[in-house]
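*Asks:* Before I ask anything, here is the structure I am working with.
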Amino acid sequence: MTKIIGITGGIASGKTTISKFLKTKRFAVHDSDLVVRQLYLKPNKVFLNYLKKIKLTHAIKKNKINKALIREEIFNNKNKKKKLEKFIHAEVRKSRNKFLSKHKKKKTKLIILDIPLLFEARLNKICDYIFLLYLPKKTKIQRAMKRKGMKRKILLKIIESQLSDAYKRKKSDIVINTSRPKKETFKMILESINNIIKSNA
């Protein structure tokens, strides 16, 4: 029987790094952030037209999107944020459902879903196990501020818009502190996954 692990965590908690590592170990991983990155990197006409519709035209130049400009705009305009998230979440959901359907047909024993807003979107319901990647707030801010175009004011708004780590810790099966060295984090992730595989053998 297929088991689903949901991996989540706040901004800069190391989700992308963990997803890439698990893919190298031949696990079936669906990365929500990757779907979003590709949407922005190679925007289709539907997405570009939608951005124009919700009055984010100024962030488009020669069919290229200025993500930093959009980030700043939506965190200062709740209505635009809600509309943009509705479109993006629908695109990610389509991709995730297709991925799940494919692997369930293949009878893949373990599926890993990397979902940043797992609890916010109530997707914990579709997971058998939840791994929370945790990072102390100070380290989280330091890491996130290294991102291109990131502003401290916007970053704090992003953190505030997400459920607290304290809440997520209570609701998660495994909590992994990703402020430790990568090798240590990878080892903890693999040990936790192997324990799940063994218990379901």
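The values are calculated or read from the model by the stated rules, or taken from the named source; none is laboratory data. All values derive from a computational prediction rather than experimental measurement. Here the Cβ positions follow ideal geometry from the backbone for every residue, glycine too, while neighbour counts run over all protein chains shown. Just so you know, the surface numbers come from the protein's heavy atoms only, side chains and all, with ligands and any DNA or RNA stripped out. Shrake-Rupley method; radii C 1.70, N 1.55, O 1.52, S 1.80 Å.
*Asks:* From ALA68, ALA90, grab the single residue that is among the small types (Gly, Ala, Ser), touching a residue at least 12 places away in the same chain (Cβ under 8 Å) and out of contact with any Ser or Thr (no Cβ under 6 Å at 6 or more places or on another chain).
*Replies:* Exactly one residue qualifies, and that residue is ALA68.
*Asks:* Taking the range 64-79, which residues are in contact with a Pro (Cβ under 7 Å, 6 or more places away or on another chain) and open to solvent by 90 Å² or more (accessible area, probe 1.4 Å)? Step through it out loud before you land on a result.
*Replies:* Initially, the range 64-79 is screened for residues in contact with a Pro (Cβ under 7 Å, 6 or more places away or on another chain), giving 65.
Across the range 64-79, there are no qualifying residues.
*Asks:* A further question on this structure: Please find, among LYS61, LYS55, the residue that is open to solvent by 90 Å² or more (accessible area, probe 1.4 Å) and under 26 Å from LYS146 (Cβ atoms). I'd like the intermediate steps shown before the answer.
*Replies:* Details: LYS55 fails: under 26 Å from LYS146 (Cβ atoms).
Of the residues listed, the single one that is open to solvent by 90 Å² or more (accessible area, probe 1.4 Å) and under 26 Å from LYS146 (Cβ atoms) is LYS61.
Residues are listed down the side, and each one gets a yes or a no for (1) surrounded by fewer than 17 Cβ atoms within 10 Å (Cβ to Cβ); (2) free of Cβ contacts under 8 Å to residues at least 40 places away in the same chain:
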site: LYS81; (1), (2): no, yes
site: GLU85; (1), (2): yes, yes
site: PHE99; (1), (2): no, no
site: LYS102; (1), (2): yes, yes
site: LYS106; (1), (2): yes, yes
site: LEU118; (1), (2): no, no
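*Asks:* Filter the range 160-196 down to residues that are among the small types (Gly, Ala, Ser) and in contact with a Leu (Cβ under 6 Å, 6 or more places away or on another chain) and give me whichever is modelled with the highest pLDDT.
*Replies:* This residue is SER172.
*Asks:* Let me ask something additional. Of all residues in the range 130-177, which are among the aromatic types (Phe, Trp, Tyr) and exposed (fewer than 12 other Cβ atoms within 10 Å of the Cβ)? Spell out the reasoning first.
*Replies:* Keep residues of the range 130-177 that are among the aromatic types (Phe, Trp, Tyr), which gives 131, 134, 167.
Correct list: TYR167 only.
Rundown of residues vs (1) free of Cβ contacts under 8 Å to residues at least 40 places away in the same chain; (2) crowded, with 18+ Cβ neighbours inside 10 Å; (3) in a helix (DSSP H, G or I), yes/no style:
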| site | (1), (2), (3) |
| --- | --- |
| MET1 | no, no, no |
| THR17 | no, no, yes |
| LYS20 | yes, no, yes |
| VAL29 | no, yes, no |
| ASP33 | no, no, yes |
| ASN49 | yes, no, yes |
